[in-house]
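Step one of this worksheet: look at the structure below.
Only the coordinates and a few stated rules stand behind these numbers; no lab work does. It should be emphasised that the depicted structure is a prediction, and the values quoted were computed from it without experimental measurement. Neighbour counts run over all protein chains shown; Cβ positions are idealised from the backbone, glycine included.
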Amino acid sequence: MSDGMSNITGIDPYGFYDQIRANDGLVWDAAMKGWLVASYDDCKMVEMEEHRFRHPYSDADQTLIDIKGGRRNITILQGPEQASMHRFLLRLFAPKNIQHYREHHIKPIINELIGRFVDDGRTELVHSFSSLIPSRVIMSLSAMDWRDDDLARRLFSLHDTVMRWIGNGNSGVEETAAASRAAHEITDILLPYLNLRKEEPGDDLLSRVWTEGPAILENFSDADVLATTRELFLAGTDTTVHALGNALYLLLTQPETLARIEQDRSALPTFIEEALRVYGSVQYRFRLVNEDCEVGGTQVKKDDVLILINAAANRDPKRYECPAHVRLDRKNPKDHLAFNAGPRTCVGAALARAEMYDAIDLLLDNVTNLRLDPDAPPPSFHDHYTRSFRPLHVLFDRK
């Protein structure tokens, strides 16, 4: 079991996660050089107590800083500066803003994408739908031309390269080189838009970073604008793609759930939370131990690496009844770790939920008899750090 995490790329990992959770305490993974943490209580405790278990980017080297876009990227910031930036970014995605984003950005994008395939009676939903929405939303929110298909696909591909490097513990010669090339290309893409918004501010996200940033951090510079924007785009173009793909997969493989939601859309918010819990896109997070202590009954030492497998924690039978199943009657459905917990909770969680809701809601408004194509390649659970089911070849009838 010691090399287990390195051997589950591209296959269903949940049986392995169950084995880890069944152990009395944490499990050492020799390949990843860290302790695997799989219980809900332990993962949440570590994420909540950053004073005891620091984010690994607190020790960021120059390579990491460059790939993440700058020293004041929120994932690299620590202490009061991180808390201030976290509050600012949460305000960007406050409920009143999300409602505006839905009407003026999210829904128009989704409707146009559906219009491209709705008359065909068939499509592959990842390529034509779920992989296109998040990148276009963040582009639209940044006053970029979201109808530029090539740019939207390129941004997703580049950010996916960076996420693969992050999931590999920011290591590997080839992976680091690929992430560095991708990061520099992302910066080259974004800089003209950032410079334009500096000279001609509007009500978009880039303009708000320019105008409000100086009140968030002292000596807020052009480099800090880039670092902040880089993280907005990373968070806004990758993880939601996988989360939405997994939600669509669940609908396509659970006809009774699909029928229930078609009949009663009030069940859709709970379904989305269950999809995030059962098949969250980000499988694990890293933390470092600040001092010798005990976690989950296991003694860990200062500077040990903890690999918090949130995907396993979200199926902990001590926390959830029937943990591997979608339950539309589950109480407190948001009680999961798909967006982390504590001071590093995902600032874009509300945006991701809105995109997932509107994507499924509007898709079901336009098609009926939605089903997997039995003659096409079946979906499988791809990748390692961020995971999703693909391809999703479907058949349907237009309403």
Return a whole-number percent for the relative contact order of the chain, with Cα pairs under 8 Å and 6 or more residues apart as the contact set. 28
Quick one: net charge around ARG91, please, counting Lys, Arg +1 and Asp, Glu -1 for every other residue with C-beta under 13 Å from its C-beta. +2
Dipole magnitude of the stretch 31-181, debye to nearest 20 (Cβ charges: Lys/Arg +1, Asp/Glu -1, about Cα centre): 400
Mind checking the dipole of the chain: about its Cα centre, +1 per Lys or Arg Cβ, -1 per Asp or Glu Cβ, Debye to the nearest 20? 600
Count neighbours as other Cβ atoms within 10 Å of each site's Cβ, and list the trypsin sites (Lys or Arg not before Pro) in the stretch 310-378 that are DSSP loop with at most 12 such neighbours. LYS318, LYS331
Once the Cβ-Cβ distance between ARG52 and ALA30 is put in as r, and R0 is 41 Å, what FRET efficiency do you end up with, to the nearest 0.05? 0.95
Would you calculate the convex hull of the Cα atoms in the stretch 325-399 and tell me its volume per residue in Å³? 138
If you bin every alpha carbon distance in the stretch 57-158 into 5 Å steps from zero, what whole percent lands in each bin? 2, 11, 16, 15, 16, 16, 11, 7, 3, 2, 1
Here is the link list: LYS302/LYS334; LYS33/LYS68; LYS44/LYS302; LYS96/LYS399; LYS331/LYS399. Which ones come out longer than 28 Å on Cα distance? LYS302/LYS334; LYS96/LYS399; LYS331/LYS399
Between the stretch 1-68 and the stretch 169-207, the Cα center-to-center distance that results, in Å: 28
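I need the GluC sites (Glu not before Pro) found in the stretch 284-322, filtered to DSSP loop residues with at most 13 other beta carbons within 10 Å of theirs.
In loop regions of the stretch 284-322 (DSSP not H, G, I, E or B), the sparsely surrounded GluC sites (Glu not before Pro) are GLU291, GLU321.
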Relative exposure of THR237, THR161, judged by other C-beta atoms within 10 Å (fewest first): THR161, THR237
Separation of the stretch 357-372 and the stretch 267-294 by C-alpha centroid, Å? 27
Using a Förster distance of 25 Å, how high is the FRET efficiency between VAL173 and ILE11, based on the Cβ-Cβ distance and rounded to 0.05? 0.45
Neighbourhood net charge (12 Å Cβ-Cβ; Lys/Arg +1, Asp/Glu -1) for ALA227: -1
Hey, can you list the DSSP H helices of the chain whose Cα span along the axis is 18 Å or longer and whose average Kyte-Doolittle score is at least 1.0? 239-253
Just going by the charge dipole of the stretch 270-396, with Lys and Arg at +1 and Asp and Glu at -1 on Cβ, which of ALA338, ASN366, VAL394 is farthest out on the positive end? ALA338
Restricting the calculation to Cα positions, tell me the Rg (one decimal) and the Dmax (whole number) of the stretch 34-85 in Å. 12.8, 34
Enclosed volume per residue, in Å³, of the convex hull spanned by Cα atoms of the chain: 136
LEU36's amide H: which non-local residues (gap 5+, or another chain) put their own amide H closer than 5 Å, with H modeled 1.01 Å from N in plane and none for Pro or chain starts? VAL27, TRP28, ASP29, ILE307
Stretch GLU81-ASP148 to full length: gain in nm at 0.36 nm per residue minus the Cα-Cα span? 20.6 nm
